[in-house]
Amino acid sequence: MTVETPTRFSPLAAWQDDLAQLPTGVQARELPFLTQLTLRVQPGSTAAKAVEAVLDVTLPGPVSAEMSGDVKVLWMGPDEWLLVAPDGRQDDLLAQLRSAVGDEFATVTDVSAQRTTLALSGHLVRTVLAQGCAIDLDPRVTPVGSCLNTLLAQAPVTLVVRGEAASDVWLLVRSSFASYLATWLVDACTEYRGGTG
Amino acid sequence: MTNPFRAGGHGRIDRDTTLSFTFDGTAYTGHPGDTLASALLANGVHHVADSIKYGRPRGVLAAGAEEPNAVVQIEAPFPEPMLTGTTVELYDGLDARGLSGQGRLSSRPDTARYDTLHAHCDLLVVGAGPAGLTATLSAARAGARVILVDELPEPGGSLLGSQELLDGRPATEWVGEVVAELDACADVQVLQRTTAFGHYDDGLVLALEKRTDHLGAAAPAHVSRQRIWRIRARQVVYATGAYERPVAFDDNDRPGIMLAGSARTYLNRFGVLPGRQAVVFTTNDSAYPAALELADAGVRIAAVVEAREEVPAHWRTACDERGIEIRTGHVVTGTSGVEHVSRAHVAPFSRGRLGERQGIDCDLLLVSGGWNPAVALFSQARGTLRYDAGIGAFVPAQAPGSVRTAGSAGGTFTLAGCLADGGDAASRALSALGRTGRTLTLPSTGPLPQGAPGRVLWRVPSPRDGQDGSHQFVDLQRDALVSDVLRATGAGLRSVEHVKRYTTIGTAHDQGRTSGVMTSGIVAEALGVDVADLGTMRLRPPAVPVAFAALAGRNRGELFDPVRVTALHSWHAEHGALFEDVGQWKRPWYYPQPGESMEEAVLRECRAARTGVAMMDGSTLGKINVQGPDAGVLLDRLYTNMMSTLKVGRVRYGVMCGVDGMAIDDGTVIRVAEQEFLLTTTTGNAAKVLEWMEEWLQTEWPDLRVHLTSVTEHWVTIPLVGPRSRDVLALVAPDLDADNDAFPFMSWRDATVAGIPARVCRISFSGELAYEINVPAWDGITVWNALYAAGGPFGITPYGTETMHVLRAEKAYPIIGQDTDGTVTPQDLGMSWVVSKKKPDFIGKRSFSREENQRGDRKQLVGLLPADERVLLPEGAQIIATSSIPQPPVPMLGHVTSSYRSDALQRTFALALVRSGSERIGETLYVPLDGRTVPVTVTDPVLFDKEGSRRDG
């Protein structure tokens, strides 16, 4: 049979309209299909240095993310990072990294479809997150570049602070929880609809 | 309509606005700023409810959260039970009635919103009275992040209920200036109508904010009605004030009997005169300002009954100026009245003996037995208490370094002292935070009258015969008497905790704020011990009643528990699937066609899988990527069978056991590359298995060079099942050689399926020829649609978990957690073949040699065929040996673990764990069912295609 060009479906595709209609002060947009690789390597090891050379970044330390480059590096644990790159980079990156690591001990796993990324921005984002997240988002405590694995409501999320005082954040959420999280977010925003919602 | 008991010129109510409300069916009016209780008192209504046990009329004892009596049910706008009338803000249209101890929940759903908010601060101050305000101001000026919570609608605390002056002006003007300054600080948040109710570990304090309750029907629907604040504070100052304590005397429960300080609050905060002619019964100085202010507002003070022999000159002079008689060395021994107090009985009281009684007419009897610091939250924070014999109260003793009290919560009862103490508490908190605060210039309070210590008096001897205290109430809400306390001590109880449970004192909504310390005092007297040694009742969260709705917040309805869905979920929903909850996942259960019952649908789906082709969404299976040079070593230690010998491109089934040798999970393992495996777990166990593996790896074998990565949700997994599955696959994966030799059972291939790079495994959970197609989740729907379209000519049938269960049960593939319960070994499941004899060790190995695990009469998995092939045994049914049920105890041989109707067998069947099951094959056993027994034949568990002839198509 003939096979048409496949159409991919991101976990929040069906939520596009709802997310576009949040109250002023909260803009939400799914960043679908980002390349995501789990990197496990001992920091400071030869393998880590090889990875850093390929990515041209220093692997960020605890609870922080290196967000400046094309391949963003999110600290997930003492020997774990999530590499986030534009759509379609997984095969190429995986091959490059594995080849750079060679016989050293480090592993790279493609987890691109494991999570989706929700970009939130606006002056109300910090308050909306406070409705379900126990992290202190005060800029003195959680500055730009912070990266935390936490709970938002009852969903595990990776939270990356991209703008001062959480005015711009990424939420990486497991695909199966994305719909729950969107439901929660839209409901949380009811508060700011001034009675029209 | 005017309120007959309002005092002109007093109160913080808005007299220009009139609110209408209904109480016990009668219409009244009040004003913004009133509570329900103050509005009732302004209308001369004291009788709020009858008591729960004795049906005695009860009124308003207090003006705040300590109120034990005035419990009401709100009927409109939305029914809500068990609220204290003293804390319900009045609004237009309020319809309430008094409650005798028990309320009624609404039978209709509450449409109001409730929410949660997390907050963080350097310093949390609880209470916006004088101490709380200076503490907050001091910390704010030092640049700290401060949150101030206060239960009242406006700040000021006790200052709202007094006529105190600060810097020669009404104290509320100073309050206004402080709050204005706080409001201008970016790092300070002041929350009114917010009650801290629980202090938990690591400085977590929960507070309930009532946001729109006071708006009644006008509350906007989009704003949460109540909100739980989850405040994480580095330092906490409890400036929670103190509660006045009554004294027990005969008939001390009549409406019109009120705490003296509360009467003062009603006058000054609400502009209410709680009566016309008052008797004031006191053991300490604090009742004098109440007496004087009420006298100046027009209440006739018939007498001050003073338990002490001496009264400070200042107060005596002030009373003399107003013609108020003070009877020193006197007590109130009892009262008269029907619906309301009409007379106080007064007698001299010296050396424990009462003198001659005299009646004094009154419609208001004010009582002050001293003040108890409000230490509930401090105590919850693991602050210890000590008894201060001078004030007859428990005060803070030692506290964790992050918690302190300020003001009267710490036993400081003068205004000047409270103001200073607040600043000091803030300074100490700031030092603990490594900051320095500047000294506040405190407002001047004017000269302090020379005071005298109070007298500690728990109860007045009863003038009645017997002295048993059977007319002296301790806990008014619970109708518990002094005689109940004495009965408890008489029964041998020595601890106030035991007395509390024996008498129920302190267990009502008010947590014994007016009765707890009094109980300690009475118990101590009865036992002849020191109150200090006896202690007081433990104070636990929540400190005030909190509605479950508020605690639930928005975690209700569709947000109650996260609903996890696969990438194919909307297809299932659009095609009529009914869903089964598996953990948090929604999995398609079955897909009924119009008019079809569940039984019919499942039989149809089973038939398709066995005779044609069928497909299901298996994406929820847990998937763990295992990578590294020692991956094979790790898996050999975790699984009972050998994994390191698996060849790249091949698949093996494996079982994991606990250290006790009991099966904990099973699944398939594929070798992706020399140093990379991918294993699957059961849906519900995915997280548990990963944690299990990580625990061993991190704590026992950190030397192994292996990394584990959950990839469950990266993949959509589609089992394509049935004799025609190869035909369908050929259409969507034309480049894949799916011939048995090229692609044998228990192997996997990379292939392009519907244009998508996929990993296809030849594994089968049904015994049929089957392929499991794995693609990145966002491509799942493309592949699913392509399979569905390609399979159309073959009658491809989507099936759900129920059919999956039937198909696997026909083949005796166990479901861990359904056919096992943590006491079942692989051998019990008839799978000795999965337990390696060669491996030197693996988790569970040593336990298999235990005598208990070697016994022949262990429960083993068998098949059961009911003699009547239409009878469907209930899962969980017990199995016995005889056709009639013998006398108990009935020897139970085992139970049914799985039971279905089979299309392939054209009959019902079951799996069961049966004692000595494998030896019983061929025997007839019995299942008690609906008062009879059903005969069943024990069979080999594999009931369909024993030879395995179908797996290659």
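Structure values in brief
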read-out: Test: B:Ile773 is among the hydrophobic types (A, V, I, L, M, F, W, C), within 12 Å of chain A (Cβ to nearest Cβ), in contact with a strand residue (DSSP E or B) (Cβ under 9 Å, 6 or more places away or on another chain) and outside any loop (DSSP other than H, G, I, E, B); value: no
read-out: Selection status of B:Ala777, in contact with a His (Cβ under 7 Å, 6 or more places away or on another chain), on the phi < 0 side of the Ramachandran plot and in contact (Cβ under 8 Å) with a residue 24 or more places away in the chain; value: yes
read-out: Residues that are part of a loop (DSSP other than H, G, I, E, B) and either in the same structural domain as B:Arg513 (by TED's automatic domain parsing) or closer than 15 Å to B:Val341 by Cα (or both), drawn from segment B:30-53; value: B:Gly44, B:Val45, B:His46, B:His47, B:Val48
read-out: Among (1) part of a loop (DSSP other than H, G, I, E, B); (2) in contact with a helix residue (DSSP H, G or I) (Cβ under 6 Å, 6 or more places away or on another chain); (3) farther than 30 Å from B:Ala754 by Cα, the one test that B:Leu873 misses; value: (2)
read-out: A:Val160 being at the interface with chain B (Cβ under 9 Å from one of its Cβ atoms), over 24 Å from B:Phe560 (Cβ atoms) and in contact (Cβ under 8 Å) with a residue 60 or more places away in the chain; value: no
read-out: Candidates A:Ala100, A:Ala106, filtered to the one that is among the small types (Gly, Ala, Ser) and either closer than 30 Å to A:Ala188 by Cα or more than 10 Å from chain B (Cβ to nearest Cβ) (or both); value: A:Ala100
read-out: Test result for B:Pro592, away from chain A (no Cβ under 14 Å) and under 30 Å from B:Arg193 (Cβ atoms); value: no
read-out: One residue from B:Asp727, B:Asp636, B:Asp665 being under 38 Å from the mean Cα position of the chain (by Cα), acidic (Asp, Glu) and either assigned by TED's automatic domain parsing to the domain that holds B:Ala754 or under 27 Å from B:Val824 (Cβ atoms) (or both); value: B:Asp665
read-out: One residue from B:Gln887, B:Gln827, B:Gln878 being without any contact (Cβ under 8 Å) to a residue 60 or more places away in the chain and either among the charged types (D, E, K, R) or closer than 30 Å to B:Glu695 by Cβ (or both); value: B:Gln827
read-out: Qualifying positions in segment B:645-667 - assigned to a loop (DSSP other than H, G, I, E, B) and within 18 Å of B:Glu700 (Cβ to Cβ); value: B:Gly658, B:Val659, B:Asp660, B:Gly661
read-out: Condition met for B:Pro935 (surrounded by fewer than 16 Cβ atoms within 10 Å (Cβ to Cβ), out of contact with any helix residue (DSSP H, G or I) (no Cβ under 8 Å at 6 or more places or on another chain) and at pLDDT 95 or above); value: yes
read-out: Residue match in segment B:715-722 (condition: in contact (Cβ under 8 Å) with a residue 40 or more places away in the chain and part of a helix (DSSP H, G or I)); value: no
read-out: Number of the exception - B:Arg951 against (1) surrounded by 15 or more Cβ atoms within 10 Å (Cβ to Cβ); (2) under 22 Å from B:Val824 (Cβ atoms); value: (2)
read-out: Residue list for segment A:162-178, restricted to those being crowded, with 21+ Cβ neighbours inside 10 Å and touching a Pro at 6+ places or on another chain (Cβ under 7 Å); value: A:Arg174, A:Ser175, A:Phe177, A:Ala178
read-out: Elements of type strands (runs of 3 or more DSSP E) in segment B:54-133, at least 2 residues being within 14 Å of another protein chain (Cβ to nearest Cβ) and either modelled with pLDDT of 95 or more or out of contact with any strand residue (DSSP E or B) (no Cβ under 7 Å at 6 or more places or on another chain) (or both); value: B:114-126
read-out: Segment B:698-749, subset among the aliphatic types (A, V, I, L, M) and within 9 Å of chain A (Cβ to nearest Cβ), residue farthest from B:Phe677 (Cα to Cα); value: B:Leu731
read-out: Exclusive hit being farther than 26 Å from B:Trp174 by Cα and either among the hydroxyl-bearing types (Ser, Thr, Tyr) or in contact with a helix residue (DSSP H, G or I) (Cβ under 7 Å, 6 or more places away or on another chain) (or both), set B:Thr441, B:Thr436, B:Thr414, B:Thr384; value: B:Thr384
read-out: Selection from segment B:219-242 of residues that are more than 12 Å from chain A (Cβ to nearest Cβ) and in a loop (DSSP other than H, G, I, E, B); value: B:Ala239, B:Thr240, B:Gly241
read-out: Qualifying residue in segment A:73-81 (condition: surrounded by 16 or more Cβ atoms within 10 Å (Cβ to Cβ), over 19 Å from the mean Cα position of the chain (by Cα) and within 20 Å of A:Val173 (Cβ to Cβ)); value: no
read-out: Flag if B:Ala809 is of a type in the set (A, V, I, L, M) and surrounded by fewer than 18 Cβ atoms within 10 Å (Cβ to Cβ); value: no
read-out: Restricting segment A:109-154 to residues that are within 11 Å of chain B (Cβ to nearest Cβ) and among the small types (Gly, Ala, Ser), the residue that is surrounded by the fewest Cβ atoms within 10 Å (Cβ to Cβ); value: A:Ala134
read-out: Inter-residue pairs, beta-carbon under 8 Å, first without any contact (Cβ under 8 Å) to a residue 40 or more places away in the chain and in segment B:161-176, second in a strand (DSSP E or B), 6+ apart; value: B:Glu173/B:Leu166
read-out: Test result for A:Leu34, more than 10 Å from every other protein chain (Cβ to nearest Cβ), closer than 30 Å to B:Leu736 by Cα and either within 15 Å of the chain's Cα centre (by Cα) or buried (at least 19 other Cβ atoms within 10 Å of the Cβ) (or both); value: yes
read-out: Lone qualifier among B:Gly198, B:Gly216 - being among the small types (Gly, Ala, Ser), within 26 Å of B:Asp510 (Cβ to Cβ) and part of a strand (DSSP E or B); value: B:Gly198
read-out: Every pair of residues 6+ apart whose Cβ atoms lie under 6 Å, when the first sits in segment B:55-80 and is farther than 14 Å from B:Leu40 by Cβ and in contact (Cβ under 8 Å) with a residue 60 or more places away in the chain while the second is among the β-branched types (Val, Ile, Thr) and in a strand (DSSP E or B); value: B:Glu80/B:Ile74
read-out: B:Phe23 vs. criteria farther than 26 Å from B:Ala295 by Cα and at pLDDT 95 or above; value: yes
read-out: Breaking point among (1) out of contact with any His (no Cβ under 6 Å at 6 or more places or on another chain); (2) in contact (Cβ under 8 Å) with a residue 40 or more places away in the chain, for B:Gln627; value: (1)
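The values are calculated or read from the model by the stated rules, or taken from the named source; none is laboratory data. The structure presented is a predicted model; accordingly, all values stated were derived computationally and were not measured. When we count neighbours, we look across all protein chains shown, and the Cβ atoms used for this are built from the backbone with ideal geometry, even at glycine.
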